[in-house]
Structure formats: structure tokens, C-alpha cells
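Chemist: Can you read through this structure? Questions will come right after.
Derivation of every value follows stated rules applied to the coordinates shown; laboratory data play no part. Note that the structure is a prediction, hence the values are computed from the model and not measured. Cβ sites come from the backbone with ideal geometry, for glycine too, and all protein chains shown count toward neighbours.
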Amino acid sequence: MSVVLEANAVSVSYTRGRGVHAVRDCSILICARETLALVGESGCGKSSLARAICGIVPIDAGSIRLHGRDLDNLPRAATRAARRRIQMVFQDPDASLNPRHRIGAILAEPLEVAGERNPARRVAELLDLVQLDSALAARLPRELSGGQKQRVAIARALAVEPDVLVADEPLASLDVATAAAMIALLRELQQRLSFAVLFISHDLAAVRQLADRVAVMFRGRIVECDATARVLDAPTNSYTKLLARAVLHPLAGKLDLNAAEALDREHALLHTTDT
Amino acid sequence: MSPVLEVAGLGIGLDDGTPLVQDVAFAVAAGEVLGIVGESGSGKSLTAFAITGLLPRGIQQTAGLVRLQGEDLAMLTPAGRRALAGRRIGMVFQDPLSSFNPVRTVGSMLVESAVRHRSIRAHEARRLGIEALQCVRLAEPERAFDAYPHELSGGQRQRAMIALASLNEPALLIADEPTTALDATVQLQILALLKRRLGQGALLLITHDLGVAASLCDRLLVMQRGRVIEHGEPQFLLHHAQHPYTRRLRDAALALHGAAVNA
């Protein structure tokens with residue numbers, strides 16, 4: 001399989017204050033049509049790594065390569081063009097869709113930037129692609145449900161036919177049934193359009209449904225990366241083991257408070273151990 | 001024993017008469033956890049807001065009765081009803097960052113609540129506040145006391161919110177999606193903490209996550225389009241769901257979890 005995106009030994013730090021390393025020496029690669037999930041607790045660096053891959057935050061060390069080309073070592077115009085091959089979808093569609101623009105205009109914008117001659121026809125195609133009625137083009141974001149808005153965000157990201165879709169907690173604001181429909185949609189779109197997905201999530205249940213492979217981050221480092229079932233069902237890293245134990249299955253019955261607190265202590269211990 | 005909270009025939013509607021919640025009835029006993037599950041728009045959060053008397057503008061209670069420790073809350077003045085929050089009802093929301101006052105330290109909110117509801121002095125309130133932060137297992141309670149909400153992590157903020165909600169030992173704790181924004185290990189810690197802090201209080205847990213609901217609740221209500229469509233003990237309900245909507249919620253949740261069941 002051909003590697004589409006590669007992050008090599010990437011470090012990201014936020015120097016405001018104390019020079020804290022958010023991402024330390026992280027390497028991942030994603031192939032065409034593949035979904036790689038990036039999981040870990042809040043603050044572990046998964047969103048920082050995703051933002052670095054999208055060029056939103058600068059990297060301190062390492063490289064990001066798209067089809068083998070180092071994105072920080074290209075002429076400026078080529079970098080911009082290459083960056084457009086990587087598109088992002090965020091958790092909260094309300095924050096990423098301009099509330100004053102109609103859906104049609106929101107979808108037309110990236111098309112116009114890319115020099116599309118007939119944006120109106122493409123807007124209808126994009127709405128159809130995410131299984132929305134083309135009549136929604138005339139609506140404002142607030143007239144849509146949460147699930148519909150997230151579909152619009154996906155359609156906008158796919159407007160330029162990217163090679164990589166980076167989705168940062170795209171299901172976190174959705175109901176279970178809406179999230180399940182969104183997962184089915186993403187899988188279908190990926191089959192049809194062959195893009196690669198970097199799926200950032202704290203929801204292991206959604207990860208199981210969507211990801212071919214999982215990379216687990218803990219305190220800025222990737223501590224485990226392998227096929228989804230292997231990582232979730234037979235984890236080897238101590239943090240991943242804790243994470244797998246913490247998942248609440250609906251049929252598993254009541255929470256054992258002592259077990260939960262034992263897990264809490266082990267988790268705290270991992271955080272104080274030197275890495 | 002009479003229940004801590006009793007809701008009967010509750011109706012909620014828009015000012016123009018459009019019904020949003022109809023004929024909701026349940027009771028929660030001391031030490032009991034009752035869960036309300038359903039999708040957004042099912043009326044589960046509105047039900048909680050109606051209990052606290054904090055319905056958004058343009059929405060009002062149109063029918064029914066809410067009794068807290070046997071007292072009909074309709075008999076209270078609006079100010080008296082608002083004063084329930086913090087004293088007899090503690091509330092924990094999904095995102096403490098948006099429900100905490102961003103320009104106030106955690107400690108100043110704890111002190112204000114203790115002083116207002118317990119008529120004690122500020123230095124005594126400070127001691128109580130730091131104790132409360134210890135009880136929710138914040139690693140450095142004194143640092144958290146002086147911190148602004150944005151200086152804490154999501155999990156630490158939710159612990160601080162539980163400290164604030166349970167500070168005055170309320171009879172009823174309402175938690176609305178308390179762990180939705182948190183990752184699995186922190187979620188587990190927060191749920192265990194809610195259960196521990198509950199003591200003899202009653203907990204009303206509102207969630208869309210059946211895993212969370214089943215882990216903590218003694219009984220579950222399933223709401224759809226403003227009505228309770230099914231209720232029962234969680235495992236019985238999940239195994240023997242009668243209503244197609246409950247089955248759909250369950251099947252969606254189980255599909256998300258794949259084959260893995262953690263014992």
C-alpha cells in the first residue's frame with residue numbers, strides 16, 4: 001500500500017511560559033484508504049500532533065511528508081497547494097461554519113479558491129455525497145441539526161478532494177444514533193473517494209468501528225501503534241491497558257468502585273513516572 | 001421512606017403553548033441513582049432544568065408537581081426556588097469551563113457558596129473549600145483553590161465542579177452529561193467520585209451514553225420526544241427493551257462497542 005502521509009520524529013512545544021513539549025518525537029504513517037486513529041487522554045498531545053500535521057502549529061523537530069515530499073521544505077506556493085490536500089473536520093461544527101453564511105456559500109468557498117468553474121453544480125454534488133437534500137444549500141447553519149451540520153463540515157472538507165482527512169473528535173458533539181450514522185457515512189465516502197483518515201478521538205467505541213490501526217499517545221509520545229483489535233483487545237503498553245480497562249460497556253453492569261479507584265491510582269502513578 | 005425527589009405529571013412547554021415535555025413522572029430515593037437517557041431534544045435536560053427552576057427564557061413548566069424532600073417547589077417564591085441550587089440541589093454539567101465563572105478562582109466560588117448557604121465566616125469557608133477539593137482527590141487542593149478554571153485540566157475542572165456541587169451536602173445532585181467531554185480513564189474516576197460523594201443524597205444522572213448510565217444507575221428512564229417511553233433496572237432494560245426506540249439506542253451503543261465486553 002502506498003504511504004500518503006508520514007510524520008517523522010515530530011516534536012511540538014509551546015514555548016509560552018515554560019517550553020513544555022506537547023508532542024515528543026512522534027512518528028506515524030497513513031496509507032491511502034486507511035483510517036489511523038490517534039487516541040489518548042486530554043492533554044496527551046494528540047490534537048497538537050494533528051494540528052502540526054495540518055500546518056496550524058509549527059513543528060520544532062522532525063518532518064511531515066505528503067506523498068514523500070517534506071511540507072516544510074517546499075517553495076511557499078507549493079506548500080500551500082500541498083497543505084490543501086490535507087483537510088480538517090473539527091468537533092464543533094458551530095465553531096467552524098460561519099453562522100451568517102448559507103450552506104451553499106460555505107461549500108462554494110473552497111471550490112472558488114480552487115478555481116472551480118461551476119461551483120453551484122459541485123455544491124449540489126457535495127450535499128448529495130454526504131446524503132443531504134440539495135435544498136439545504138439555501139439554509140443557514142442554525143437551521144440544521146447537529147448531525148446535518150457535521151455532514152456539511154465533512155462535505156466542505158471533501159470539496160477539494162483531499163488525500164487526507166484529519167478529523168478531530170468529529171463525533172463528540174453527536175448523539176449515539178447520529179454518531180453511528182456518521183461513522184457509516186465516513187466509511188462509505190472513504191471507499192468511494194480513497195482518502196486517508198487521521199481520526200482523533202477519546203471514544204474507543206467509535207475508534208473500534210472506524211479505524212484500521214490505532215496509535216496511542218501518552219504524555220506527548222506514541223506508546224503503542226498497531227491494528228485496532230490488537231491494540232484494544234490485547235494492549236501491551238501500560239497506559240493502553242488502563243485505557244482498555246476503563247471503557248464502560250453497556251452490558252457490563254455496575255461500576256466496581258474499588259476497581260475504579262485502583263485504576264485511578266495506577267493512572268496517577270503512570271503520570272509521575274519518568275519517561 | 002419518602003423519596004428525596006418526586007416528579008409527577010410534569011409538563012414543559014414554550015410560551016406559545018408548544019409542548020416540549022409531557023407527563024413525566026418519577027421518584028428518586030436517598031442513596032439512589034436514577035438515570036435519564038435519550039437523544040438531544042428528548043427533553044431530558046429540560047426536565048432537570050424544570051426541577052431546579054432554571055428553565056431558559058421562553059420555556060415554562062405547564063403542568064405537574066415537583067417535590068423535594070416532601071416540599072412542593074411550586075409553593076416557593078421564584079427567588080426561593082433559585083436559591084435551591086447550591087444548597088439543596090447540587091449541579092454538575094458537561095463542561096465546567098462554560099458553567100464556571102471564568103474570572104473567578106475555584107476557591108472564591110467555593111467560599112461564596114459556603115458563606116451564602118451556611119452563614120459561616122470566610123476563613124472557615126476557606127477551610128471547608130480546601131477540604132472539599134481534597135475530598136474530590138485533587139492532587140494539590142490548595143493550588144486548585146487559588147486556580148482559575150482555565151488553569152485546570154478538563155478532569156480537574158470536573159472534580160472542582162463536583163466539589164462545588166456537593167459542598168453543602170445537597171439532598172439531590174443533578175449531573176447532566178458529566179463525563180461526555182472526558183476520556184475513558186478520567187470518566188471512570190469522575191463516575192466513581194460522583195458515586196462516593198453521593199452518600200445519602202439522591203443522584204439524577206442525565207446522559208446519552210448507555211455505558212455510563214449502566215455503570216452507575218439503579219434505574220433508568222428512557223425519554224423520546226418529551227415523554228418517558230420506558231423505564232426499569234438498567235440490565236433488565238437493555239436485555240429486554242420493549243420499545244423500538246430503546247432497542248435502537250441499545251443496538252447503536254452495542255454496535256459502537258463491537259465485540260469487547262469488559263467484566
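Chemist: State, to one decimal in nm², a quarter of the convex hull surface area for the C-alpha atoms of the stretch A:123-262, i.e. the direction-averaged projected area.
Modeler: That works out to 10.5 nm², a quarter of the Cα hull's surface.
Chemist: 7 Å from Cα along Cα→Cβ at both A:Ala124 and B:Ala255: what's the point-to-point distance in nm?
Modeler: Inter-label distance under the simple model: 3.1 nm.
Chemist: Of A:Lys46/B:Lys195; A:Lys149/A:Lys254; A:Lys241/B:Lys44, which ones are farther than 32 Å apart at the Cα?
Modeler: Those over the limit are A:Lys149/A:Lys254; A:Lys241/B:Lys44.
Chemist: To the nearest 0.05, how large is the calculated FRET efficiency for B:Gln60 and A:Glu143 if R₀ is 30 Å and r is the Cβ-Cβ distance?
Modeler: Numbers: r = 25 Å, r/R0 = 0.83.
Efficiency at R0 = 30 Å is approximately 0.75.
Chemist: Between A:Arg76 and B:Ala122, what is the spin-label point distance in nm, taking each point 7 Å from the Cα along the Cα→C-beta axis?
Modeler: So the label points at A:Arg76 and B:Ala122 sit 5.5 nm apart.
Chemist: Could you order peptides A:92-99, B:228-235, B:158-165 by the average number of other Cβ atoms within 10 Å of their residues, highest first?
Modeler: Those peptides, ordered most packed to least, come out B:158-165, B:228-235, A:92-99.
Chemist: Find the all-direction average of the projected area of the Cα convex hull for the stretch A:205-250, expressing the result in square nanometres with one decimal place.
Modeler: Quarter of the Cα hull surface area: 3.2 nm².
Chemist: Once both axes come from the Cα atoms, what is the angle between helix B:122-135 and the longest principal axis of chain B, in degrees from 0 to 90, rounded to 10?
Modeler: Long axis of B:122-135 versus the principal axis of chain B: about 50 degrees.
Chemist: Another question about this same structure. How big, in percent, is the set of alpha carbon pairs in the stretch A:61-167 lying more than 17 Å apart?
Modeler: 55 percent
Chemist: Provide a whole-number value for the mean count of partner chain Cβ atoms within 10 Å of the Cβ atoms in peptide B:242-255.
Modeler: Per residue, the number of nearby Cβ atoms from other chains is 3 on average.
Chemist: Restricting attention to the alpha-carbon atoms of chain B, what are Rg (one decimal) and Dmax (integer), both in Å?
Modeler: According to the Cα coordinates of chain B, Rg and Dmax are 18.5, 56 Å.
Chemist: Give the whole-number value, in cubic angstrom per residue, of the convex hull volume spanned by the C-alpha atoms of the stretch B:82-230. Walk me through the intermediate numbers first.
Modeler: Numbers: hull volume 17.2 nm³, N = 149.
Output value, Cα hull per residue: 115 Å³.
Chemist: With everything on Cα atoms, drop me the angle between helix B:106-118 and the longest principal axis of chain B, reported from 0 to 90° to the nearest 10.
Modeler: Roughly 80 degrees, rounded to the nearest 10.
Chemist: Taking the alpha-carbon set of the stretch A:93-152, what are its Rg and Dmax in Å?
Modeler: 10.7, 31
Chemist: Using a Förster radius of 35 Å, what is the FRET efficiency between A:Arg117 and A:Asp92 based on their Cβ-Cβ separation? Nearest 0.05, please.
Modeler: The calculated FRET efficiency here is 0.60.
Chemist: Mind checking B:208-217 for the average number of partner chain beta-carbons within 10 Å of each residue's beta-carbon?
Modeler: So the per-residue partner count for this stretch is 5.
Chemist: On a 0 to 90 degree scale, rounded to 10, what angle separates helix B:184-198 from the longest Cα axis of chain B?
Modeler: Around 80 degrees separate the two axes.
Chemist: Same structure, new question: Once you place label points 7 Å from the Cα toward the Cβ at A:Tyr14 and A:Asn237, how far apart are they in nm?
Modeler: Roughly 2.1 nm, to one decimal.
Chemist: Which three extents, in angstrom, do the Cα atoms of the stretch B:18-168 have along their principal axes, listed largest first?
Modeler: Principal axes ranked by extent give 47, 34, 31 Å for the Cα atoms.
Chemist: Mind pulling the per residue volume of the convex hull built on the Cα atoms of chain A? Å³ is fine.
Modeler: It comes to 151 Å³ per residue, whole-number rounded.
Chemist: Could you compute how fast the protein assembly as shown diffuses translationally, taking Rh as the Kirkwood radius over C-alpha pairs and applying Stokes-Einstein at 37 °C with viscosity 0.692 mPa s? Give it in µm² per second.
Modeler: 132 µm²/s
Chemist: Principal axis extents for the stretch A:227-275, Cα atoms only, whole Å, descending order, please.
Modeler: 37, 31, 9
Chemist: Quick check on the stretch B:122-204: what does the Kirkwood estimate of hydrodynamic radius come out to from the alpha carbon pairs, in Å?
Modeler: One over the average 1/r among Cα pairs gives 13.1 Å for the stretch B:122-204.
Chemist: At 20 °C and 1.002 mPa s, grab the translational diffusion coefficient of the stretch B:114-164 from Stokes-Einstein with a Kirkwood Rh over Cα pairs, rounded to a whole number in µm² per second.
Modeler: 193 µm²/s
Chemist: Next question. B:Asp218 to B:Glu131: extension gain in nm, 0.36 nm per residue of separation minus the Cα-Cα distance?
Modeler: 28.4 nm
Chemist: Related question: Starting from the Cα-Cα distance between A:Gln191 and A:Asp25, subtract it from 0.36 nm times their residue separation and give me the gain in nm to one decimal.
Modeler: 56.6 nm
Chemist: Further question: On a C-alpha basis, how far is the centre of the stretch B:1-23 from the centre of the stretch A:165-187 in Å? Whole number, if you could?
Modeler: 32 Å
Chemist: Per DSSP H run of at least 4 residues, take -39500 (n - 2.57); add these up for chain A, divide by its residues and hand me the 222 nm value, nearest 500 deg cm²/dmol.
Modeler: Result for chain A: -12000 deg cm²/dmol, rounded to the nearest 500.
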